[in-house]
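Remarks on the structure that follows.
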Amino acid sequence: MDHFRITPDTQVDLSQHDPYYSGEISKKKGRALLKDHRQALMDLQELLYAENKRQVLIILQGIDTSGKDGVIRNVFGDVNPQGTHVVSFKVPTRHELAHDYLWRVHQHTPAQGDIVIFNRSQYEDVLVVRVHDLVPEAVWEKRYQHINEFERLLVDEGATILKFFLHISKQRQAERFLARLDRPNKRWKFNPGDLDERERWDDYQAAFEAMLSKTSTPWAPWYVIPSDRKWYRNMAVASIIVEKLNSLEMQFPKEVPDIESYRDQLIGMIED
Ligand code: ADP
């Protein structure tokens, strides 16, 4: 899965990343792997929560229909909601806009023992903001470095950060919009404004490339996930998270001393 990791300080060209890639893996195998990873993630999250020492931040970015919601549902569907939180970043409120752009983000970073999943994130401030000229270039261009330093701060204080860019083709996006219209229970997700955003496809790709090139760091790497096939996307994200959490070698807290005497006491209580 290192294959998808962006090496720091490299120029990313998304046309060189195949969104339809699925390696040698069949759909059946991919689904079986996802099931295993979901089970592993459930156990690892419990360990993280019990250990209560470090924070895990997962960042999801990608154009409309790339599958941010789908990853949250399919990868994290089994984890205990106690200790796992999803934060979705929308258009900033007036109150949020009255502060620096990281202010609203910092409030939602994970506490020790928690996993927080950002559905969109601080990166909107170098994506939609850049594409729509919401602030001058002289302002947004400084943000890549701010964000790297902000993430460095979080990591220095015990966080693990994984960032996933869900990469889909333009063709696939049109198919997914159409699928939303075709399914009555998905129509609510369709917003005609999304088609206006699609007009800016190339600008978004350029903004994504700049983000990936400038903010994949040794402490908070980006992974470009081929996302044209949902089963592969889910499996790949789950696999990277499980591998990373395993590498942390987390430990359950030390047992209280003298477990045996407590066990005897309890057995005594039950027999009474
Ligand atoms: P989603 O598409 O994530 O399911 P919405 O349809 O509510 O949810 O979209 C959220 C919108 O908020 C997106 O268009 C996104 O670009 C926008 N947004 C998020 N953060 C910012 C920001 N910092 N500045 C401007 N717009 C933002």
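Of all DSSP-defined beta bridges confined to the chain, some 5% are antiparallel rather than parallel.
Comparing Leu134, Leu47, Leu57 in a Gaussian network model of the chain where C-alpha atoms under 10 Å apart are linked, the largest mean-square fluctuation is found at Leu134. Between segment 1-71 and segment 195-223, the C-alpha centres lie 17 angstrom from each other. The calculated 222 nm mean residue ellipticity attributable to helices in the chain amounts to -14500 deg cm²/dmol, summing -39500 (n - 2.57) over DSSP H runs of n ≥ 4 and dividing by all residues. The heavy atoms of Arg183 offer some 110 square angstrom of accessible surface to a 1.4 angstrom probe. For the pair Asp258 and Asp2, label points projected 7 Å from Cα toward Cβ lie 4.9 nm apart. Pairs with C-alpha atoms separated by more than 23 Å, drawn from the list Lys35/Lys189; Lys163/Lys230; Lys68/Lys163; Lys142/Lys244; Lys53/Lys142, are Lys35/Lys189; Lys142/Lys244; Lys53/Lys142.
Segment 104-129 to segment 229-270: how many Å between their Cα centroids? Between the Cα centres of segment 104-129 and segment 229-270 lies a distance of 26 Å. A Cβ-based charge dipole, computed about the Cα centre of segment 60-133 with Lys and Arg at +1 and Asp and Glu at -1, lands at about 80 debye. Mind checking which of Asn80, Asn52, Asn185 has the largest fluctuation in a GNM of the chain, springs on alpha carbons under 10 Å? Result: Asn185 has the largest fluctuation of those listed. The charge dipole of the chain, taken about its Cα centre with unit charges on the Cβ atoms of Lys, Arg (+1), Asp and Glu (-1) only, comes to about 1240 debye.
The values are calculated or read from the model by the stated rules, or taken from the named source; none is laboratory data. Bear in mind the structure is a predicted one, so any value in this text is a computation, not a measurement. Virtual Cβ from ideal backbone geometry, glycine too; neighbours counted across all protein chains shown. To get the accessible areas, we keep the full protein, side chains included, count just its heavy atoms, and leave off ligands, DNA and RNA. Shrake-Rupley method; radii C 1.70, N 1.55, O 1.52, S 1.80 Å.
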